[in-house]
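Scroll down for the structure; my scribbles are underneath it.
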Amino acid sequence: MLSGCTANEAFFFDLPETASAEASIIQNLWNGSWIAAWAVGIVTWALMIWAAVAYRRRHPNEVPAQTKYNIPIEALYTVVPLIMILGLFWFTARDQSEILTVGNDEQQTVEVVGFRWSWAFNYLDQDAYDVGVPYGEGSVGEPPTLYLPVDEKIRFELKSPDVIHSFWVPAFLFKMDLIPGKTNVFELTPDRLGTYAGKCAELCGVDHARMLFQVKIVERDEFNAKMSELRAAGKTGVLDTDRITNEGQRPGERRL
C-alpha cells in the first residue's frame, strides 16, 4: 500500500482485467480463497503473539509447566485444517464444474490448432481460417490474431497435430491443454472490446516461448468484415494438419 498499490493488488495480488463473462467465476474463487487465507493468517499471527507475550519467562529461574499432550488443542489443529481443505475443495469443484459445462448453445465455433510453433484458427461457421508463423528473434514471423464477436457465446475446440500445447488468454482467466489425438472443448462469452495477448502455457519444445497470438474482441460488423477478408484471400474451409505444419515453419525447417 505504501508503494501505491491498490487494495486489490495489496490483498488479492490482482488479476488481469477480465474479458469474458465466465471470468468472474474464477475471480470470485481467487478473491474468496485470499479472504480465507488472510483470516487464517490473522488468527494464527494473533495466537502466536498472544502466546509469546502471555507465556513469556518472567523470572530467570522460572520453568513453565511441562505437559506431554493437550487433547483439545490437538483435536483443534486436526479438525480445523481438515474443514478448511474440504471447504476449498468444494468451492473449487463447484466452480470448475460450472466453467467446464458445455451447453451446446454456442453462437460461433472456433477450432484452435496449436502446432510447433504457432496457431491456426478455423472459423467453422464462417468457412474461413487464419494461421500464423512463429514470431520472435531471427524470424520474420507474424503471430495470428483470433477475432471474436463481443457478447456471443463461443465454442472452442482444441486440437494439436504434434505435442501437447496449452491455449491461454490471461484476460479470460482460463486455459486448457491441446492434446494430440484428443479434442478438448470449452465455451465462453467475450464481453469486453479490445485486443488481448495469448500464448502457449505448456512447455512444448525449443520455440515454445514464440507461440504467441492475439485475441481481438470486436463488434459483429467488424467480425463479419474480417471473415469476408479471409475468404477473399483464399483462406476458406478448414486448414488441414499438413498445411498447418508447412505454413507454420520458418524458412529452412524440415517438414514435421
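Computed quantities for the displayed model
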| item | result |
| --- | --- |
| Placed amide H near C204: partners under 5 Å, 5+ positions off or other chain | none |
| Pairs of alpha carbons in the range 150-225 whose separation is greater than 22 Å (percent) | 28 |
| Rounded tilt (10° steps) of 23-54 against the dominant C-alpha axis of the chain | 20 |
| Pairs from K175/K216; K153/K216; K175/K235 whose Cα-Cα separation, in the structure shown, is over 21 Å | K175/K235 |
| Highest-first arrangement of 95-103, 227-235, 169-177, where packing means the average Cβ count within 10 Å | 169-177, 227-235, 95-103 |
| For the range 7-100, Kirkwood radius (reciprocal of mean inverse C-alpha pair distance, Å) | 17.0 |
| Phi-based couplings in Hz for the range 213-221 (Karplus 6.51, -1.76, 1.60; Gly and Pro marked x) | 7, 10, 10, 10, 9, 10, 5, 4, 4 |
| Point-to-point label distance, M84-K216, nm (Cα→Cβ direction, 7 Å offset) | 4.8 |
| Computed lengthening from N61 to N184, 0.36 nm per intervening residue step minus Cα-Cα distance | 37.4 nm |
| Whole-angstrom gap from the range 161-184 to the range 188-227, using each part's C-alpha centre | 13 |
| Distant-in-sequence amide H partners of W119 (H built 1.01 Å from N, under 5 Å) | G132 |
| Charge tally in the Cβ shell below 13 Å around N104, where Lys, Arg are +1 and Asp, Glu are -1, N104 excluded | -2 |
| Mean Cβ neighbour count within 10 Å, used as a protection proxy, ranking 21-28, 120-127, 74-81 highest first | 120-127, 21-28, 74-81 |
| Rounded to whole Hz, the Karplus (6.51, -1.76, 1.60) HN-Hα couplings of the range 197-211, x for glycine and proline | 7, x, 7, 7, 10, 10, 5, 10, x, 4, 10, 3, 5, 9, 7 |
| Dipole magnitude of the chain, debye to nearest 20 (Cβ charges: Lys/Arg +1, Asp/Glu -1, about Cα centre) | 1180 |
| Amide H partners (placed H, <5 Å) of S20, local residues excluded | D191 |
| Angstrom value of the Kirkwood radius, inverse mean 1/r, which spans all Cα pairs in the chain | 21.9 |
| Using θ = phi - 60° and Karplus 6.51 cos²θ - 1.76 cosθ + 1.60, couplings along the range 173-185 (whole Hz; Gly, Pro as x) | 6, 7, 8, 8, 6, 10, 10, x, x, 9, 9, 8, 10 |
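Bear in mind that the values in this text are calculations on the coordinates, not laboratory data. This one's a predicted model, so the numbers in the text were calculated from it and none came from an experiment. With ideal geometry, Cβ positions are generated from the backbone for all residues, glycine too; neighbour counts draw on all protein chains shown.
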